[in-house]
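The values are calculated or read from the model by the stated rules, or taken from the named source; none is laboratory data. The shown structure was predicted, so the numbers you read here are calculated from the model rather than taken from an experiment. Positions of Cβ are backbone-derived with ideal geometry, glycine not excepted, and every protein chain shown enters the neighbour counts.
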Ligand SMILES: Cc1ncc(COP(=O)(O)O)c(C=O)c1O
């Protein structure tokens, strides 16, 4: 496991709540670092003084820099970035921008996030699109060979969640991208849980679009998200909602912006958007590869320690793992465990079947305890957490 105590101490000093709580809910909503919070508050104060429009004009350069930072984060061009208010908004914006016709197919996998599944199945109901599920390997990864065999000329999209919400699995998105290299289907990756903990490079993955949220591993304010869409995919994507910022009228005809900001609307929480930019820069400064190595090392350590506890079963799948650790205890339900741990200062959540209905249904799981670690967590916190879990019995 990576031990870089000085660096972690510095990062914890930027995260004042680390003194009071053990925050293992980074897959829910992480603790934002002080520079992010301060940036948001400073802008709100400026809005108080001069009003929102003038305050926004004053930070135009910084806002542009935020797009550049998000672009660097995923290996895209700033013109390929749209800022949104959530991962779901980002994902649904791309999904519904496809001109779906009856008989078109979308391929997805067992641990797909429920909101994405709902959008796909709603499209199946309204337009006769076929949603086909790619089988998983024994490790729980999407079976890339099976996916390859399922491709035909009706498949218009492959939608894969990079790191599912309910456990440590990391999908082999780069191998999926390689299989799709010579196929016209769009690869839409849900990066909601991966952005901010796993280095992402859209070229290396071969993805056409990736959706992300701010508040999780990226440590940005709530109500922020973003979307990266490759230029090659943009022309065929017509957003369901546009306004005078993403489109204009020319000779009575609607023209769309030719960059990813065709997916944005004019109105936004500028303070939060500045916070998102600050969070992206903070993450890039901390170092995406270091973050990944630290987070996966600490999560693996947590799995090993939990596995040692009698009556506890770690339920994570995947040949490659993220910072999300899921487990159950045999004598208590997750709904009982989570509040009792919270009372003792350990922030964890319940992961319910409703969030990942296919995967949890396959495994006959109703709910799990989810403990998701970040780089401001430590092996000492893991030890204290495991002692607290053991004491619940
Ligand atoms: C994998 C995954 N995708 C999408 C979402 C939805 O994110 P948001 O609430 O920002 O729309 C979540 C939220 O937990 C998630 O875990």
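Scanning the stretch 137-153 for residues that are touching a residue at least 24 places away in the same chain (Cβ under 8 Å), more than 16 Å from the ligand (Cβ to nearest atom) and over 19 Å from residue 207 (Cα atoms) yields 137, 139. Residue 182 meets the stated requirement of being in a loop (DSSP other than H, G, I, E, B), over 23 Å from residue 213 (Cα atoms) and free of Cβ contacts under 8 Å to residues at least 12 places away in the same chain.
Could you check how many residues of the stretch 210-231 are more than 17 Å from residue 284 (Cβ to Cβ) and either at pLDDT below 95 or buried (at least 21 other Cβ atoms within 10 Å of the Cβ) (or both)? The total comes to 7. Hey, does the stretch 24-36 have a residue that's in a strand (DSSP E or B) and in contact with a helix residue (DSSP H, G or I) (Cβ under 8 Å, 6 or more places away or on another chain)? Within the stretch 24-36, none of the residues are in a strand (DSSP E or B) and in contact with a helix residue (DSSP H, G or I) (Cβ under 8 Å, 6 or more places away or on another chain). Residues that are crowded, with 20+ Cβ neighbours inside 10 Å and within 16 Å of the ligand (Cβ to nearest atom): does the stretch 32-52 have at least one? Yes, the stretch 32-52 has at least one match.
Consider the stretch 113-130 and keep the residues that are part of a loop (DSSP other than H, G, I, E, B) and free of Cβ contacts under 8 Å to residues at least 40 places away in the same chain. The one that is nearest to the ligand (Cβ to nearest atom) is 129. Candidates 291, 254, 295: the one that is surrounded by fewer than 18 Cβ atoms within 10 Å (Cβ to Cβ) and either without any contact (Cβ under 8 Å) to a residue 24 or more places away in the chain or outside any loop (DSSP other than H, G, I, E, B) (or both) is 254. Taking residue 200, is it modelled with pLDDT of 95 or more, within 16 Å of the ligand (Cβ to nearest atom) and in a helix (DSSP H, G or I)? Criteria not met by residue 200.
Quick one: is residue 240 more than 16 Å from the ligand (Cβ to nearest atom), assigned by TED's automatic domain parsing to the domain that holds residue 72 and over 29 Å from residue 363 (Cα atoms)? Considered against the rule, which asks whether it is more than 16 Å from the ligand (Cβ to nearest atom), assigned by TED's automatic domain parsing to the domain that holds residue 72 and over 29 Å from residue 363 (Cα atoms), residue 240 comes out as yes. In summary, residue 311 fulfils each of the numbered conditions (1) surrounded by fewer than 18 Cβ atoms within 10 Å (Cβ to Cβ); (2) out of contact with any strand residue (DSSP E or B) (no Cβ under 6 Å at 6 or more places or on another chain); (3) closer than 30 Å to residue 334 by Cα; (4) touching a residue at least 24 places away in the same chain (Cβ under 8 Å) with the single exception of condition (2).
Pairs are defined by a Cβ separation below 9 Å, a sequence spacing of at least 6 or placement on different chains, a first member in the stretch 23-49 that is under 14 Å from residue 269 (Cβ atoms), and a second member that is surrounded by fewer than 18 Cβ atoms within 10 Å (Cβ to Cβ); the pairs so defined are 39/62; 46/54; 46/58; 47/54. In the stretch 187-197, which residue that is in a loop (DSSP other than H, G, I, E, B) and more than 8 Å from the ligand (Cβ to nearest atom) is farthest from residue 80 (Cα to Cα)? So, considering only residues that are in a loop (DSSP other than H, G, I, E, B) and more than 8 Å from the ligand (Cβ to nearest atom), the one farthest from residue 80 (Cα to Cα) is 197.
Identification of strands (runs of 3 or more DSSP E) wholly contained in the stretch 298-354 with 2 or more residues that are under 26 Å from residue 8 (Cα atoms) yields 324-329.
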